[in-house]
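Quick notes on the structure that follows.
The values are calculated or read from the model by the stated rules, or taken from the named source; none is laboratory data. All figures in this text were calculated on a predicted structure; none of them were measured in a lab. Cβ coordinates were reconstructed from backbone atoms using ideal geometry, including for glycine residues, and neighbour counts include every protein chain displayed.
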Amino acid sequence: MYTFKNLSKIPGLMALTLSLTLFSCATSGAYKPALYGNLGAPKDAVPFMPAARTGTLPNGLKYYILENAMPEGRAYLTMAVHAGSLQEEDDQQGLAHFVEHMAFNGTERFPKSELIEYLRSLGMRWGPEVNAYTSYDQTVYGIEVPVEADGEGRKIVPDQALAVIDDWTRAVTFAPEEVDSERGVVLEEYRTRLGAWERIWRKMAAVIFKGTPYVDRFPIGVPEIIGSAPRERLVDYYRTWYRADNMALVFVGDFDGEKLETELASHFSASAPASSLERPSLIPSNPKKGNLAVEINTDPELPHTRIDLFYKLPVNKLTNETDLASYRQGIINNLIDRMLSMRFDEAAHKPDTPYTAAGAGLSEYAGAVNNYMFIAIAKTGSAEAALSALLLEKEKMARYGFTDSEIDQAKRSLLADMERIVSEKDRQHSSGYLDSFVNHFINGDTPTDTSWDLNALTVLLPGISTREIAGAAKNYFAYKDLTVFISAPDADAASLPNPDTVRRLVKQSERASVPRPVNENLDATLLDRRPTPGSISSETKDESSGTIQWELSNGAKVILKETKNKNNQIVLYAMARGGLTSVPENQIVSADLSAEMMSASGVGPYSRSDLAKKLADKQVSISFGVSGMLRNVQGSSTTGDLQTLFELLYLHFTQPRIDPEPVASLIDDYRTELAQRNENPEALFYDEVTRTLYNNNIYYKPMAMEDLEKINIDDALAFLKQASNPGDYTFVFTGNLDIPALRSFTEAYLASIPPGETWNTWTDPQIVRPENVEREVRKGLEEKSLVYLSWMLPKTEYTAAGSAAADVLSEYLDNKLMERIRKQMGGAYSISGNVSLSPLPSPGETTMSVYFPCDPQRVQELRTAVMEELELVAKGTIDKDAFNKSVEGLKKSFDLKMQDNGYIGRSLAYLTTLYNLPLSHLEQPPELYQAVTVQDLQGMMGKLLARGVVSVILYPAN
């Protein structure tokens, strides 16, 4: 299952998959048997996951089946089509994606919206459990369903769920009225993409993809074609590419795989193709040695300046991890990714670094374009310096590779990751396997067994030398074909280098003196001595919640909840009352940023970068957070790293650290972010929403440039120390708990934290909620509006039953608004309705909000329709079937949540700290949902609508 391809996301412009790219000079030519040990020869195939069942049905339909018990009682059903926007003809641009939409709007056995209604009847929701996507070379559908039991007690996938997938393979109906109805939805999805980064990306794509079909085959398509293409062209695409030999079924979950495989052919009756598929060949875009291209673009709405370096590589069809040589090269690339990530993170926290964030990696586009990329977000006015810094970083890795200490840390980190994965082998989430099988079908990547992966790592890692890694890094740039992109706000145009300057900087970097990186030794322990232990003052067991509760000698409270959700995971969630609303006005900004300052600085004797290196082979994390009225500490570890988690917890409470240099860098980051914020339409909109809802309350106002002058390190550190009284907190540990070990570590590292001044209460910020308020924001070049409607009912007493009713009303509104606004009116791609009941501000508050993007010309029409739906509920005209499905959906969702240790930990902390409810309420939500009545929804809606609406709407500038 594991792949060594780096699947990271680059912020800002687009989500690019950074994946393994092999090219001839990246590997040594000679076969060295010692490098591969007992795994085999370099060209031997990587073994396919033995637990998976795979084959081809008589009609040509490929299948993959894997039994997996996590989450319990669920099956994940995926259908992959090896076709996307690249397979469209000129008059079909956008129709691959349109066909994907139509699959949910009528099939042979599920006409109109019956498919969605069937899935809702199972408690499944659009988005989390029902969805699909279209990319350049693939279209993938997925549903999640509860399994059933047959007459012999075996777990099986419901026949109706298999019928959904079968209909998708052969029987989407494309009813004319449904096609016309869905056009508006697809066009609204197109509208959601509009903005500065989309405009810039299209300019970049014209250069990156020049000479390939990618240039004019964006998956979202062309609005003119989407709006006017005849139904027949949709059908043509479907009939051409949705054929048995071009599709695959991927079924993973808690069911009897042998039985499913035996019966599979009877469920899938797509006809065997009469002829072989003719797939147009892609003309690859290969490097031209010595090419140096420069593209500089500005846009008034860009939030910052971004620099991209694309070093083009040859396109090689053998880029898949299918044999041992390519698998081993994937490990080398992964190690380089980890080491570069550490370098960039360390640099980004230094005040003299001219960028706020940077990254690098290999990118590959379906056999057409391969690049090694560098990306950086430049600080305001520092584009030229940021470009130089990126170029010098490239030179450092190309000339010297990486140090022995860096490589050792990366190897230990990679091995620790794999050991954790293997320890959870039988508790891995089913959804995590889906992509590996889809990738095998589309790209040929071999899904492997994680135990084999771990063994392969232990064999291969020792033979990967410092010199070999240096050679691989150097070969990323061997073809000397570079394209430099600089994308900036109009306001920064004057500070940008011109193309000639960029070319000069590139040439200078190749001749520049670059210091060689040096080895570092970090052998010291986290703590120089074990603290004098405290004690557990009392212990109680709560049978109703299955918890153990300790009170410690320093006043802290501990809750232990053992679960079987994971084999090797312990989750910490601690919470205390008291937050930003308790600090003086002149210290709000410092307190608000205190957690970020500490994260950027490190803890105890270790800086951030030193701590990361120290913990390279540990599976452990911890962070502090603060909000208006609460503080929290979150952490996690494996069972083997539990002591390290407790040591870090002790250091966070006893030695919080804030250093001037990383804080200066953090302030620069905010300065860069805020410089263009008022030119970003969506940012301006959300800031106005916040100001309006909180009525300009000083504690909840959006950060502004002038706030940066109020930051004071001493105030921030004082806040952290005040916030670190252990007696204020309830510490919840969930997961695979070793109670004796936890007792020992709790006494040594948690009970030993010196108590401080008690601060376990919240201060009422005196928010005066508005009503009957209309705000308009006019900003933006695109024909795109955002609508936010809100109703707030202060002084509502919080009850668990009331909170459950709010959840049901929220789920009901989501479904009804999607049906009315998206399905019936084609007015929005997405719309959300949210209702919540919170105990804060005391005694409680009920809030309701509705949010959707849309055509500016339809704002009032759609707003009226929303109000009509809300008023129907207030009048008691409630769709009982939709109501029942909402209740069922929440119950099914709760079942999954209880298989998540993080959710359990947060819930127990909230019950004690926020809700003041018994721990037995942990498992009560299903009963509470079932007890909700339509009258409860009617009454709640009536009270909310009695308050005047608060409306904030974004319109284009013109």
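The lone criterion from (1) touching a strand residue (DSSP E or B) at 6+ places or on another chain (Cβ under 8 Å); (2) over 28 Å from Val952 (Cβ atoms); (3) not charged (D, E, K, R) left unmet by Val663 is number (1). Scan the range 471-526 for residues that are in a loop (DSSP other than H, G, I, E, B) and of a type outside the set (Val, Ile, Thr) and the total you get is 21.
Evaluated against (1) among the hydroxyl-bearing types (Ser, Thr, Tyr); (2) under 29 Å from Thr581 (Cα atoms); (3) surrounded by fewer than 21 Cβ atoms within 10 Å (Cβ to Cβ), Thr639 falls short on exactly one condition, (2).
Filtering Lys564, Lys507 for residues that are in the same structural domain as Ala741 (by TED's automatic domain parsing) and farther than 28 Å from Thr758 by Cα leaves a single hit, Lys564. On the given criteria, is Tyr903 hydroxyl-bearing (Ser, Thr, Tyr) and in contact (Cβ under 8 Å) with a residue 12 or more places away in the chain? Judged against the criteria, Tyr903 is not a match.
Being of a type in the set (A, V, I, L, M) and within 30 Å of Ala83 (Cα to Cα) is the filter here; which residues of the range 406-444 pass it? So that I can check it myself, show each step before the final result.
Of the range 406-444, the ones of a type in the set (A, V, I, L, M) are 407, 410, 414-416, 418, 421-422, 434, 438, 442.
Listed by number, the residues that qualify are Leu434, Val438, Ile442.
Of the candidates Leu890, Leu922, Leu914, Leu870, the single residue that is surrounded by fewer than 19 Cβ atoms within 10 Å (Cβ to Cβ), in contact (Cβ under 8 Å) with a residue 40 or more places away in the chain and part of a helix (DSSP H, G or I) is Leu914. Within the range 708-762, the set of residues being part of a strand (DSSP E or B), surrounded by 22 or more Cβ atoms within 10 Å (Cβ to Cβ) and hydroxyl-bearing (Ser, Thr, Tyr) comprises just one member, Thr734. Restricting attention to the range 335-357, does a residue exist that is assigned by TED's automatic domain parsing to the domain that holds Pro499 and without any contact (Cβ under 8 Å) to a residue 24 or more places away in the chain? Yes, the range 335-357 contains a residue that is assigned by TED's automatic domain parsing to the domain that holds Pro499 and without any contact (Cβ under 8 Å) to a residue 24 or more places away in the chain.
The lone criterion from (1) touching a helix residue (DSSP H, G or I) at 6+ places or on another chain (Cβ under 9 Å); (2) modelled with pLDDT of 95 or more; (3) part of a loop (DSSP other than H, G, I, E, B) left unmet by Glu771 is number (1).
Could you tell me whether Glu861 is assigned to a helix (DSSP H, G or I), farther than 28 Å from Ser636 by Cβ and either within 33 Å of the chain's Cα centre (by Cα) or not assigned by TED's automatic domain parsing to the domain that holds Tyr829 (or both)?
Values: assigned to a helix (DSSP H, G or I): yes; farther than 28 Å from Ser636 by Cβ: yes; either within 33 Å of the chain's Cα centre (by Cα) or not assigned by TED's automatic domain parsing to the domain that holds Tyr829 (or both): no.
No: the conditions fail for Glu861.
Within the set Ala132, Ala51, the sole residue that is closer than 22 Å to Ser269 by Cβ and in contact with a strand residue (DSSP E or B) (Cβ under 7 Å, 6 or more places away or on another chain) turns out to be Ala132. If I filter the range 443-455 for residues that are over 24 Å from Thr638 (Cα atoms), in a helix (DSSP H, G or I) and either of a type in the set (Gly, Ala, Ser) or not assigned by TED's automatic domain parsing to the domain that holds Met70 (or both), do I get at least one hit? Taking every residue of the range 443-455 in turn, at least one turns out to be over 24 Å from Thr638 (Cα atoms), in a helix (DSSP H, G or I) and either of a type in the set (Gly, Ala, Ser) or not assigned by TED's automatic domain parsing to the domain that holds Met70 (or both).
Report yes if Leu674 is within 25 Å of Pro754 (Cβ to Cβ) and free of Cβ contacts under 8 Å to residues at least 60 places away in the same chain, otherwise no.
Working: within 25 Å of Pro754 (Cβ to Cβ): no; free of Cβ contacts under 8 Å to residues at least 60 places away in the same chain: yes.
Considered against the rule, which asks whether it is within 25 Å of Pro754 (Cβ to Cβ) and free of Cβ contacts under 8 Å to residues at least 60 places away in the same chain, Leu674 comes out as no.
Per this entry, Tyr355 is counted among residues that are crowded, with 24+ Cβ neighbours inside 10 Å, among the hydroxyl-bearing types (Ser, Thr, Tyr) and at negative phi. Annotation for the range 283-302: no member residue is at negative phi, within 31 Å of the chain's Cα centre (by Cα) and in a helix (DSSP H, G or I).
Would it be correct to say that Pro50 is more than 26 Å from the chain's Cα centre (by Cα), surrounded by 15 or more Cβ atoms within 10 Å (Cβ to Cβ) and not in a strand (DSSP E or B)? Answer is no for this residue. Would you point out the residue of the range 213-236, among those that are surrounded by 20 or more Cβ atoms within 10 Å (Cβ to Cβ) and more than 28 Å from the chain's Cα centre (by Cα), that is farthest from Gln138 (Cα to Cα)? Selected residue: Ala229.
Would you pick out the residues in the range 109-133 that are at pLDDT below 90 and surrounded by fewer than 16 Cβ atoms within 10 Å (Cβ to Cβ)? Those that are at pLDDT below 90 and surrounded by fewer than 16 Cβ atoms within 10 Å (Cβ to Cβ): Gly127, Pro128.
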